[in-house]
2 protein chains.
Amino acid sequence: MIYTKEDIEKLDRISRLKIINSATGIKPANLIGTINKENQTNLAIFSSVVHLGSNPPLLGFISRPRTTDAGHTYHNIIENGCYTINHIHPEFIKNAHYTSAKFHVDVSEFNRCNLSEEYINDFIAPFVAESTFKMGMRFVEAIDIKINNTVLVVGEIEHLILPDTSIIAGDVDLEAANSVGISGLNSYYSLKKIGNFPYVRVKEVPEF
Amino acid sequence: MIYTKEDIEKLDRISRLKIINSATGIKPANLIGTINKENQTNLAIFSSVVHLGSNPPLLGFISRPRTTDAGHTYHNIIENGCYTINHIHPEFIKNAHYTSAKFHVDVSEFNRCNLSEEYINDFIAPFVAESTFKMGMRFVEAIDIKINNTVLVVGEIEHLILPDTSIIAGDVDLEAANSVGISGLNSYYSLKKIGNFPYVRVKEVPEF
């Protein structure tokens, strides 16, 4: 099937959302945990976490428009300067998915979706206890993407927790870590490792 | 295993690269195809393609620092205003991986890594013929991420090609599309669909 720009514009809103949200390929499945100044926690699923650099260790994610209706995640990050990113595992994909409901600010998705808050090393933002691979993040900056009024939220990893069993031959194995991926808005995938290749130097490229 | 910020700083460069590049979870595996004004093509693997919005249909990816040593991909995109994003499938993960070598500008990775150029609908940038899920992208803007001198390259989807068989019950199925994911710098994963949930309205959230 081939869609031109005009075909995409003519799609109904839901069909367009489903197709364009799948276009990148598989997306990482993470829950972002935050807390506001009144100690109200919040938890929300994000599929847009992206690696920005390793030194310093920086990750980004895309947040919806900065309006009064903006998500509680972004508001809490600006308020407190910290957040957690927690991998989603198959055992709680349903709980994680339903954090995407637009609950009132007084409702903690931890409680409503039956996931457990965990506090590690005096880090103020709540981790997800059920997640075995998670990070405490320090907010660095919010970069405007003006064309569609979204924001790239940049943060630095301050705490990194991962299962010992996920490190295989010096590398992180996401199948062993039991991490999952997302396509579109509502489909979840498990991972099966199918290949591993060395860091590439020009002289070592095989003949194809 | 728990790493603090100080532990991460103390890691040797390769260990840090491997771990921090896996921290987001699974990443999409794409080849970006470009061409310069001398009609020299270029193909490079990227795991940082991220969905920015569906209307207009915008995707981003992270490019290395804007220096004279910058990748040919970024240079060609600025020169021509267009590029292609092509999903990687299991049959050519090895070919795709080796496009990451720093070949001389006169070497086309299409040729060196045995992948085929394909031109669709007069779009100037080359698609990867072996990929069944691919997009022709129009460059929109490059947004500086100053803290580590990287760039978020923003583009709009102008052509979207995907296999009819990947659309199941109105949704894109990336297992059926045979798309793959990446962790770290060199591990590849196939996908198995394990769950599908509806768009969430607060009133429809089940009890957990």
With Rg and the Kirkwood Rh both taken from Cα atoms, where does Rg over Rh land for the protein assembly as shown? 0.94
Place +1 on the Cβ of every Lys and Arg and -1 on the Cβ of every Asp and Glu in region B:57-184, take the dipole about the Cα centre, and give the residue among B:Asn86, B:Ser183, B:Leu59 whose Cα lies farthest towards its positive end. B:Ser183
Over chain A, average the accessible area per residue using a 1.4 Å probe and give it in Å², no decimals. 41
How much solvent-accessible surface does A:Arg138 expose, in Å² to the nearest 10, with a 1.4 Å probe and all protein chains in place? 90
Convert each backbone phi in region A:74-79 into a coupling constant with the Karplus relation 6.51 cos²θ - 1.76 cosθ + 1.60 (shift: θ = phi - 60°), then list the ³J(HN,Hα) values in order as whole Hz, x for Gly and Pro. 4, 4, 5, 5, 5, 5
DSSP-assigned coil residues among GluC sites (Glu not before Pro) in region B:169-208, each with at most 15 further Cβ atoms within 10 Å: B:Glu207
How many nanometers, to one decimal and shortest first, lie between the label point of B:Glu141 and those of its other copies, if labels sit 7 Å from Cα toward Cβ? 1.5
Please compute the average number of Cβ atoms from other chains found within 10 Å of each residue's Cβ in peptide A:42-50. 3
Over chain A, how many percent of alpha carbon pairs lie in each 10 Å bin up to the one with the longest distance? 8, 30, 35, 19, 7, 1, 0
Identify which of A:Asn30, A:Asn121, A:Asn86 has the largest mean-square fluctuation in a Gaussian network model of chain A, with springs joining Cα atoms closer than 10 Å. A:Asn121
Sticking with the crude label model, points 7 Å out along Cα→Cβ, report the distance from B:Lys146 to B:Asn39 in nm, one decimal please. 4.3
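Quantify how strongly other chains surround peptide B:110-117 by giving the mean number of their Cβ atoms within 10 Å of each of its Cβ atoms.
1
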From other protein chains only, count the Cβ atoms within 10 Å of every residue's Cβ in A:195-208, then give the mean. 6
How much accessible area does B:Phe92 have with a 1.4 Å probe, in Å² rounded to the nearest 10? 10
Using only alpha carbon pairs under 8 Å that are at least six residues apart, calculate the relative contact order of region A:1-156 and give it in whole percent. 26
Just need the relative contact order of region A:124-188 here, percent rounded to a whole number, with Cα pairs under 8 Å and 6+ apart. 25
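What is the Cα radius of gyration of region B:31-106 over 2.2 N^0.38 Å, N being its residue count?
So region B:31-106 has a normalised radius of gyration of 1.14.
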Determine the order of A:Met1, B:Met135 by accessible area, beginning with the largest, at a probe radius of 1.4 Å. A:Met1, B:Met135
Placing the label point 7 Å from Cα along the Cα-to-Cβ direction, what are the distances from A:Ser15 to the equivalent spots in the other copies, shortest first, in nm to one decimal? 5.3
For region B:32-44, Karplus couplings with θ = phi - 60° (6.51, -1.76, 1.60), whole Hz, Gly/Pro x: 9, x, 9, 8, 9, 5, 8, 6, 7, 8, 9, 9, 9
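The values are calculated or read from the model by the stated rules, or taken from the named source; none is laboratory data. On a predicted model such as this, the values are computed, not experimentally measured, just so you know. In this analysis, Cβ positions are derived from the backbone assuming ideal geometry, glycine residues included, and neighbour counts consider all displayed protein chains. Quick note on the areas: whole protein, heavy atoms, side chains included, nothing else; ligands and nucleic acids left out. Shrake-Rupley method; radii C 1.70, N 1.55, O 1.52, S 1.80 Å.
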